[in-house]
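Take a look at the structure below.
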There are 4 protein chains.
Amino acid sequence: FRRTRSLNAPSPIQQFGPCGRIMRNSAMIMTIQDPASQRLTWYKPPLSVLVIKKVRDAMVIPPFIELVSWLTLEKRMVVFVEASVLEEPLVTKHAKFPDVKDKLMSFNEKHDDLTDKIDFIICLGGDGTLLYASSLFQQSVPPVMAFHLGSLGFLTPFKFSNFQEQVTNVLEGHAALTLRSRLRCIIVRGGYDKPQPKKPKPDATTAPWLPDPGVKLPSNLLVLNEVVIDRGPSPYLSNLDLYLDGRRITSVQGDGLLVSTPTGSTAYAVAAGASMIHPSVPAIMVTPICPHSLSFRPIIVPAGVELKITVSKDSRNTAWISFDGRMRQELTHDDSLRVTTSIYPVPSICAEDQIADWFASLDDCLRWNDRKRQRHFD
Amino acid sequence: FRRTRSLNAPSPIQQFGPCGRIMRNSAMIMTIQDPASQRLTWYKPPLSVLVIKKVRDAMVIPPFIELVSWLTLEKRMVVFVEASVLEEPLVTKHAKFPDVKDKLMSFNEKHDDLTDKIDFIICLGGDGTLLYASSLFQQSVPPVMAFHLGSLGFLTPFKFSNFQEQVTNVLEGHAALTLRSRLRCIIVRGGYDKPQPKKPKPDATTAPWLPDPGVKLPSNLLVLNEVVIDRGPSPYLSNLDLYLDGRRITSVQGDGLLVSTPTGSTAYAVAAGASMIHPSVPAIMVTPICPHSLSFRPIIVPAGVELKITVSKDSRNTAWISFDGRMRQELTHDDSLRVTTSIYPVPSICAEDQIADWFASLDDCLRWNDRKRQRHFD
Amino acid sequence: FRRTRSLNAPSPIQQFGPCGRIMRNSAMIMTIQDPASQRLTWYKPPLSVLVIKKVRDAMVIPPFIELVSWLTLEKRMVVFVEASVLEEPLVTKHAKFPDVKDKLMSFNEKHDDLTDKIDFIICLGGDGTLLYASSLFQQSVPPVMAFHLGSLGFLTPFKFSNFQEQVTNVLEGHAALTLRSRLRCIIVRGGYDKPQPKKPKPDATTAPWLPDPGVKLPSNLLVLNEVVIDRGPSPYLSNLDLYLDGRRITSVQGDGLLVSTPTGSTAYAVAAGASMIHPSVPAIMVTPICPHSLSFRPIIVPAGVELKITVSKDSRNTAWISFDGRMRQELTHDDSLRVTTSIYPVPSICAEDQIADWFASLDDCLRWNDRKRQRHFD
Amino acid sequence: FRRTRSLNAPSPIQQFGPCGRIMRNSAMIMTIQDPASQRLTWYKPPLSVLVIKKVRDAMVIPPFIELVSWLTLEKRMVVFVEASVLEEPLVTKHAKFPDVKDKLMSFNEKHDDLTDKIDFIICLGGDGTLLYASSLFQQSVPPVMAFHLGSLGFLTPFKFSNFQEQVTNVLEGHAALTLRSRLRCIIVRGGYDKPQPKKPKPDATTAPWLPDPGVKLPSNLLVLNEVVIDRGPSPYLSNLDLYLDGRRITSVQGDGLLVSTPTGSTAYAVAAGASMIHPSVPAIMVTPICPHSLSFRPIIVPAGVELKITVSKDSRNTAWISFDGRMRQELTHDDSLRVTTSIYPVPSICAEDQIADWFASLDDCLRWNDRKRQRHFD
């Protein structure tokens, strides 16, 4: 027997000693390809590209214009951008904008469905651009290539300087892929007779991040980093109950609870004290936020389980949920949140490969194990 | 598409958007069965059983005698025990021992090879019995059923009280299995001309745990919990270099480094501050012991990688390695330790199932998230 | 030289080697009494007693009535209670209430000043009662005796069962004292022309904890546990700047910052990962809440420093402050929060002594170092 | 009342409410000077200076020669160096050594007593030089000025570049002092009839750090960083019992226990997970090393307590003690270790002041709260 060099390293062995073996269950046999060898290929040439840029950052405008010009004029691709981008003065007044203006397709998150329209995604800016791109595709996600501007992000491995060469390379199919798992989160609303749960009241001054009050909050969302359940604006703590595959596992008393993907382990979870998980490990991380108990260490469970979170019956307060930092809404005593691994990961294109990219971002974003070097005396 | 309810939750999706997909690589296709559905079955009826009991614990003798009597006299199985057990006065003087004495087969770890002789293993005592059983089978391990005596262990889920019923049940093939991955550790000795690395000098008074000086230390071992690289008896710290798939990842300054299986995450690693990983997650955990750097958080990497650890060239001291707490030996500047996931896991029989057993042991062994309950006033 | 057995253990030595010594500075000489020997005495017999009971807890009513009856009828003390208590139906309908009703003095937090009216305080319920008592006395605090009801609290060491004997004992002056330091917090409002900073909008349904909108929030408060600076209702993180004695020490990026007394080290700070400080150590603890940086470990600085916290100039959001969980208000870019140790500690009466009480509460409230005992096999 | 701006911030208030006050106890009154205002002065001009240099570091030789030359030839001071230094070839062959050779006084740690001979100490190299200097003075310690060579240490705040100016400044009495508390450690040997406890067997190759076998190990020592009680060369863990002021507080199961000064909180303790304490806080820190219990958080107790540590009766192994990393020796079941704050602190001269020096070393040595800055795009 020889183990395939799979990142998941499943054992090919089904027999244990002379007599024991795993019971065959044909319904449970899976044929999978080793994640370590995952490379991008194109079934047919990609023609349409969605370009997402960081918001509220003037510095990103020149490279953005440069990129979309090159994609439209040189590469002859159909470029989609957000409708709001075409109204930003810094964009519209840019010297080169008139050249591309008519060639750009725009979309509006609220009205347009991008499913099956986009072959390829390019992000420009910070990790937030990729979280946003992920939120636009609640099912299959086209391959994503993410450029940072100045400093490496966890989700943005590419440098912009020679972008033409790098994009061409990817379009020709030369790239390793990290399949970043997402969590499917469903809020099951239980209290049909009761008043609808609240969403925070938007306030033009203080709360620009809140959804438009007219928009119905979705109760079914995929997250790339984490779903947060916290005490919201209340200073009092909620008690939460945590279930795994239908079984009550523990109750949570503290500031809240994070359910993170491995990708999200280096986001909020690491700030709350968790260990860091490579995005190719098939797992879900559960991390308390400032728990009352000294012994509430984070746990990592197999990616295939189903988690359920409810507000404890004896809890005085409700809880609040947010999805990758968005769509904040209340979880009442009658509701429950269910979380499983989605079948739709984000195919994130590597700058080098799965391993090198991750350790580079640990170094750069978190200064992992960075310490004083013996400097020499002069 | 519907995700199979696999614990690993691999995505069945190979296509991303209208054009992108994973390049097929037939050499990398694996067919695996969902770990969640793993149940033990017997290819042919198990006839031989190895019984391992906790050492130096008088309390374990009566249940041990009771168990082997029942296995030999009632179940008509061939029972193997360690030769040294047959010399323990508390065993030999036990009233019921004469009944079974002639029926027991004995083996000596140093001379006898158990491969293919044992169909089934029963452990009686603490987690150490399972670590020892694991060490006896450096390739395929027969299914292991582990009883604790009094308090649940991470590796010993069964209560002894109604052992007859429970063993019978397992022998009839009714049991869930946790496949506990092991790490294959190889010390590559580099300095052939140099004096051989040291092993600690045994000293009857202080060092009963050391191997017999006449025994050659193995340089290739499977561990179930962890391999520890530490400063050994030296008060000075070694610098270690850590490589992953051939690439230097970081250097370690501190008391040492742990490379743990998920099973081992709740052993030494948790004491060193790591998060806790369910044994079915295919991963390897790397945890520093008292690192000098504030930012050296533990990391969790895919089970399929290869790690290499060396003593840094500029390190004043060497390092010491131990495997599941045994076989302590020196790692010199010329040597390297290589660690990968073995293809030979330990098939550990569940008392209930993979999930319930793990959370029960978190509660019982680590008092995970145990906290003050509101006690009522009277 | 012999060190006095002071808990602070100041060195009586002023000379270092044959020539060196500390420069005398008569302005800086202090005469203090060893905290270890602190015992309560009464300058004159205490006549008035303030009784604070836990709110919204029916179980506390019978012992409350029993206590105030005994204090008024047996001990002939003048008993003050909160005016609102005299309106609680469970109190007024209690069979024994008519006996004491006319003898009770009531006060209203908003209108009445208790300074110099109260000789002695008794708290009945959880730690919150002592936090509330502390908030009522912004200068000198009378000695506080705190009873828990059912389970020990950090601030409530006395059992209620034989309260008569215990109160009599304290009134006779037999008791050890822990002087719990408090932090004096001052919000310096900088933007006089700007609109006043917000306080959260009260909402009868969701926000019963908020101050009455008509009440002006104080900007100068003593806290017994901690002052919290956090992101308030915003999901975005503020950047805070931290100064110590006028010098900028670091900036804080994360969910927030805690400035805690040693008493508060076992409250919110311990949930955020801090070490636990005995209340007699003269120190201030600074703890980040979920910091972005892996290396932002909590620090403990001398009690005599002055801390200042501001919202960083480049921070997109403001921050929110709360004082022992109350009086939540905004900290704008123009404001600063200053924190020093107050000269008015809370004299908290010990059930046994400073050391025994603290370790008892670590055990009981936090299950400190509680772990699996070897249970014996039967 | 106005609080003196003392770092310890003792409350000048002795009265609590109209009647309560602290019982006067004249035996417990102390007159102390505010640590914040501590400055060095010289009772008479310092004439003799002990110069300690880092061992086994060739880079330190030229500045060492330069320093001792300047002290002897320019400052006309009597310079003491370790006898072994005068035998180091790199020193004796240095071009300038002949000029000072006859002027240097040498001492041998084993035979010579430096008490009352040294007015001033200069350290050159890393933190180890100050730990060594501390160990030479088991009672009063002359003021210490410590230079680092290249990178700041926790105990070595001075840059060497303009040493003449800086030393002159200190000799003229212009310097702030940090009084670093030390712990007095006494091993009380209980088993007089039993064989003497072991010290590790020295071995020329592997154990250069061990004491000369002829030297009797002291059982009474002052430490500046910490006393470590660990499992020594044994892979098995000892159980330790911890007492505080005669009361059993908890038992320790794990790799060991640290009792640290605030100075030592940033040494081994921080690696074991402790918070960091400013050296002027009068406290003792107790930190477990890799404890088995999830809830064994470090604690900080008042400087004036007495700790006692013993090996638990039911522990299979003994424990080993080391003092600031030296003088390693066994603690048997019959022995106990007692630890209190010594009256002899190390008067450590500040480069700037107590606060600035500490935060500079946190930044430089531990990269405290160092994180990714937003780098700008170019």
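The values are calculated or read from the model by the stated rules, or taken from the named source; none is laboratory data. Every value quoted in this text rests on a predicted model; they were computed, and no experiment measured them. Counting neighbours? That spans all protein chains shown, and the Cβs are built from the backbone with ideal geometry, glycine included. SASA here: full protein model, heavy atoms, side chains in, ligands and nucleic acids out. Shrake-Rupley method; radii C 1.70, N 1.55, O 1.52, S 1.80 Å.
For the range D:56-72, the condition of being within 14 Å of chain C (Cβ to nearest Cβ) and not in a helix (DSSP H, G or I) holds for none of the residues.
Among the numbered conditions (1) in a loop (DSSP other than H, G, I, E, B); (2) under 13 Å from A:Val51 (Cα atoms); (3) more than 23 Å from the chain's Cα centre (by Cα), the only one that A:Ser161 does not meet is (2). Looking only at the range C:218-232, filter to residues that are at pLDDT below 95 and within 14 Å of chain A (Cβ to nearest Cβ); which one of those is surrounded by the fewest Cβ atoms within 10 Å (Cβ to Cβ)? Within the range C:218-232, the match that is surrounded by the fewest Cβ atoms within 10 Å (Cβ to Cβ) is C:Arg231.
Quick one: count up the residues across the range D:111-122 that are at pLDDT 95 or above and either open to solvent by 10 Å² or more (accessible area, probe 1.4 Å) or polar (S, T, N, Q) (or both). Qualifying residue count for the region: 1. Residue count for the range C:147-158, restricted to those that are part of a strand (DSSP E or B) and either touching a Ser or Thr at 6+ places or on another chain (Cβ under 9 Å) or of a type in the set (A, V, I, L, M) (or both): 1. When residues in the range C:150-172 are screened for being without any contact (Cβ under 8 Å) to a residue 60 or more places away in the chain and open to solvent by less than 20 Å² (accessible area, probe 1.4 Å), 1 of them pass.
Residues being open to solvent by 20 Å² or more (accessible area, probe 1.4 Å), out of contact with any helix residue (DSSP H, G or I) (no Cβ under 6 Å at 6 or more places or on another chain), in the same structural domain as A:Leu104 (by TED's automatic domain parsing) and among the β-branched types (Val, Ile, Thr) are represented in the range A:46-65 by at least one member.
Among the numbered conditions (1) within 23 Å of B:Cys123 (Cβ to Cβ); (2) at the interface with another protein chain (Cβ under 7 Å from one of its Cβ atoms); (3) at pLDDT below 95, the only one that B:Arg375 does not meet is (1).
Yes or no: the range B:115-132 includes at least one residue that is over 26 Å from the mean Cα position of the chain (by Cα), free of Cβ contacts under 8 Å to residues at least 60 places away in the same chain and either outside any loop (DSSP other than H, G, I, E, B) or over 20 Å from B:Phe323 (Cα atoms) (or both).
Here is the first cut: in the range B:115-132, the residues over 26 Å from the mean Cα position of the chain (by Cα) are none.
No: the range B:115-132 contains no residue that is over 26 Å from the mean Cα position of the chain (by Cα), free of Cβ contacts under 8 Å to residues at least 60 places away in the same chain and either outside any loop (DSSP other than H, G, I, E, B) or over 20 Å from B:Phe323 (Cα atoms) (or both).
Looking only at residues in the range C:233-254 that are open to solvent by less than 20 Å² (accessible area, probe 1.4 Å) and within 14 Å of chain A (Cβ to nearest Cβ), the one that is nearest to C:Arg328 (Cα to Cα) is C:Ser234. Reported count of residues in the range C:286-327, each being more than 23 Å from D:Pro298 (Cα to Cα), at pLDDT 95 or above and basic (Lys, Arg), is 1.
Screening C:Cys290 with (1) touching a residue at least 40 places away in the same chain (Cβ under 8 Å); (2) in contact with a Cys (Cβ under 8 Å, 6 or more places away or on another chain); (3) not aliphatic (A, V, I, L, M) gives one miss only, at (1). Considering each residue of the range C:262-272 in turn, at least one proves to be touching a helix residue (DSSP H, G or I) at 6+ places or on another chain (Cβ under 9 Å), part of a loop (DSSP other than H, G, I, E, B) and at negative phi.
If you take the residues of the range A:279-302 that are part of a loop (DSSP other than H, G, I, E, B) and more than 7 Å from chain B (Cβ to nearest Cβ), which of them is nearest to the chain's Cα centre (by Cα)? Reasoning before the result, please.
Step one: list which residues in the range A:279-302 are part of a loop (DSSP other than H, G, I, E, B), which gives A:279-282, A:292-298.
Of the ones still in play, those that are also more than 7 Å from chain B (Cβ to nearest Cβ) are A:279, A:294.
Values: A:Pro279: 11, A:Leu294: 30 Å.
Filtering first and then ranking leaves A:Pro279.
Among the residues making up the range C:299-354, a single one is open to solvent by 10 Å² or more (accessible area, probe 1.4 Å), touching a His at 6+ places or on another chain (Cβ under 9 Å) and under 25 Å from C:Ser280 (Cα atoms): C:Gln354.
Among the numbered conditions (1) closer than 25 Å to B:Leu222 by Cβ; (2) part of a helix (DSSP H, G or I), the only one that B:Asp112 does not meet is (2).
When the residues of the range D:27-50 are narrowed to those that are part of a helix (DSSP H, G or I) and more than 7 Å from chain C (Cβ to nearest Cβ), which ends up modelled with the lowest pLDDT? Top of the filtered list is D:Ala27. For D:Gly125, the conditions (1) touching a Ser or Thr at 6+ places or on another chain (Cβ under 9 Å); (2) over 30 Å from C:Met23 (Cα atoms); (3) surrounded by 16 or more Cβ atoms within 10 Å (Cβ to Cβ) are fulfilled apart from (2). Considering A:Arg2, A:Arg76, A:Arg24, the condition of being more than 7 Å from chain B (Cβ to nearest Cβ), part of a loop (DSSP other than H, G, I, E, B), at pLDDT below 90 and over 26 Å from B:Val305 (Cα atoms) is satisfied by A:Arg24 alone.
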